[in-house]
Amino acid sequence: MTSSFDTLIDRSDTGCAKWSRYRDDVLPMWVADMDFASPPAIVDALRARLDHPVFGYAMPEPALVDAVRSYLRAKFNWIVEPEAIVFVPGVVPGFNVALGALLKPGDGVVVEQPVYPPIHKAAANWDLRRIDVPLDYTADGWRCDLDRFDTALADASALLLCSPQNPTGMAYSRAELAHIAATCLANDVFILSDEIHCDLMLDGRRHVPIASLSDEIAACTITFMSASKTFNVAGLKAAFAVIPSADLRARFAAGTRGTVDSINAFGLAAALPAYRGDCAAWHDDLLGYLAANRDHLLARLSKEIPEIVTAKPSGLFLAWLDCSALGLEAPYRFFLEEAKVGFSPGSDFGADYGQFVRLNYGCPRALLDKGIDRMVAALARRAA
Ligand SMILES: Cc1ncc(COP(=O)(O)O)c(C=O)c1O
């Protein structure tokens, strides 16, 4: 059965980062945006906004704040007051503002290893001390070692968490989050939680926002979410922070002055149908398509390139491929130059990950197969 997600959409010459970074003969499978059309309800909302031909500075309407609150309550059983929702132009600017506003140079920030490059680099932006907590590849996939978190948090002022985790696709369990949060509370550590991928959990899993665990945890946490990944509107630059503490909100607001400006009018227009639930059926179909793509990718890799080791991601549309057993000097360069497939280089996610690449399977199945075919053929040529 074909799906609307099978449709191949030509994104060349649309000023899109994903398809512009590499030469035309390279299939881009890197940055975390999907090659799917956004849901019709969002496209309609954007069209309606465009029909009003004045594009001055925007601000979130109360209806959007209500929609976000209803969504948090319905999805995560998390009750949040309207003033706690603070819109920002992006999650990355959001957590950077928070680091600058809450910490002073030299303070320690705990981050996972491997982790999304802007999280990996954030401490350096503010002269903070990055404290790495390596994740482990186990028989159950990627997992965190809570003892390592305990040791690292004892020496830190903030935790910058990526939950669910990019690039491994790992989901923290409620018990793990509770443990980590308790350690943060015991050590007076702020929690900055990047939960941008929270609506991309696969196989019926449910995401748990760390701040939803208790009021005490929420009071020291800033959570970042956005419709951007789930509904493929990352270019519209709109996200929100949930900041229940009035004190943290005031400090965050002070940190935004002069840098983080008002929100993109189209980003806000897209967020309303997303959070009001107008795209729920599309979202369900997307999760089914992504899970099938993931399973197809893993099945083909285990059969055709069994040297590549990868855990089954619990969510997102990214696969973290350990290519060590292929014996390549630089897997990213090999696949780019010999297979003409543009992955994200593993070394961007931490110094120890040069033998990894991150593959984006948020694309029509035909493109995914094209990428795998090219990998298989390049490796066969090398072996010949
Ligand atoms: C974990 C994570 N956080 C943040 C972002 C980007 O957020 P924004 O575009 O809202 O700054 C991404 C994009 O890939 C991501 O994977």
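The values are calculated or read from the model by the stated rules, or taken from the named source; none is laboratory data. As the structure is a computational prediction, the values presented were derived from the model and not from experiment. Because the Cβ atoms are built from the backbone with ideal geometry, glycine has one as well, and the counts that use them run over all protein chains shown. Only protein heavy atoms, including side chains, enter the accessible area calculation; ligands, DNA and RNA are left aside. Shrake-Rupley method; radii C 1.70, N 1.55, O 1.52, S 1.80 Å.
Looking at Ala48, Ala32, Ala63, Ala37, which is the one that is in contact with a strand residue (DSSP E or B) (Cβ under 9 Å, 6 or more places away or on another chain), small (Gly, Ala, Ser) and touching a residue at least 12 places away in the same chain (Cβ under 8 Å)?
None of the other options fit; the residue is Ala32.
Could you grab the pairs with beta carbons closer than 6 Å, sequence gap of 6+ or different chains, first residue in the range 368-384 and touching a residue at least 60 places away in the same chain (Cβ under 8 Å), second one open to solvent by less than 40 Å² (accessible area, probe 1.4 Å) and part of a helix (DSSP H, G or I)?
From the range 368-384, the pairs are Leu368/Asn293; Ile372/Arg300; Arg374/Ala339; Met375/Ala339.
Determine whether Gly288 is open to solvent by less than 50 Å² (accessible area, probe 1.4 Å) and free of Cβ contacts under 8 Å to residues at least 12 places away in the same chain.
yes
Starting from residues that are open to solvent by 10 Å² or more (accessible area, probe 1.4 Å) and within 12 Å of the ligand (Cβ to nearest atom), keep the ones in the range 111-120 and report whichever is nearest to the chain's Cα centre (by Cα). Don't jump to the end; show me each part of the working.
Here is the first cut: in the range 111-120, the residues open to solvent by 10 Å² or more (accessible area, probe 1.4 Å) are 113, 116-118, 120.
Now narrow it down to the ones that are within 12 Å of the ligand (Cβ to nearest atom): 116-118, 120.
Working: Tyr116: 8, Pro117: 11, Pro118: 11, His120: 13 Å.
Checked the range 111-120; the qualifying residue nearest to the chain's Cα centre (by Cα) is Tyr116.
Picking from Arg49, Arg21, Arg11, which residue would you name as being touching a Phe, Trp or Tyr at 6+ places or on another chain (Cβ under 9 Å), open to solvent by 40 Å² or more (accessible area, probe 1.4 Å), over 25 Å from Asp285 (Cα atoms) and away from the ligand (no atom under 16 Å from the Cβ)?
Arg49
Consider only pairs whose beta carbons are under 6 Å apart and that are at least six residues apart or on different chains; among these, list those whose first residue lies in the range 108-128 and is in the same structural domain as Leu153 (by TED's automatic domain parsing) and whose second residue is in a loop (DSSP other than H, G, I, E, B) and within 11 Å of the ligand (Cβ to nearest atom).
Matching pairs, first to second residue: Pro114/Pro167; Tyr116/Asn166.
Surrounded by fewer than 24 Cβ atoms within 10 Å (Cβ to Cβ) and within 23 Å of Arg23 (Cα to Cα): is that true of Glu304 in this structure?
Judged against the criteria, Glu304 is not a match.
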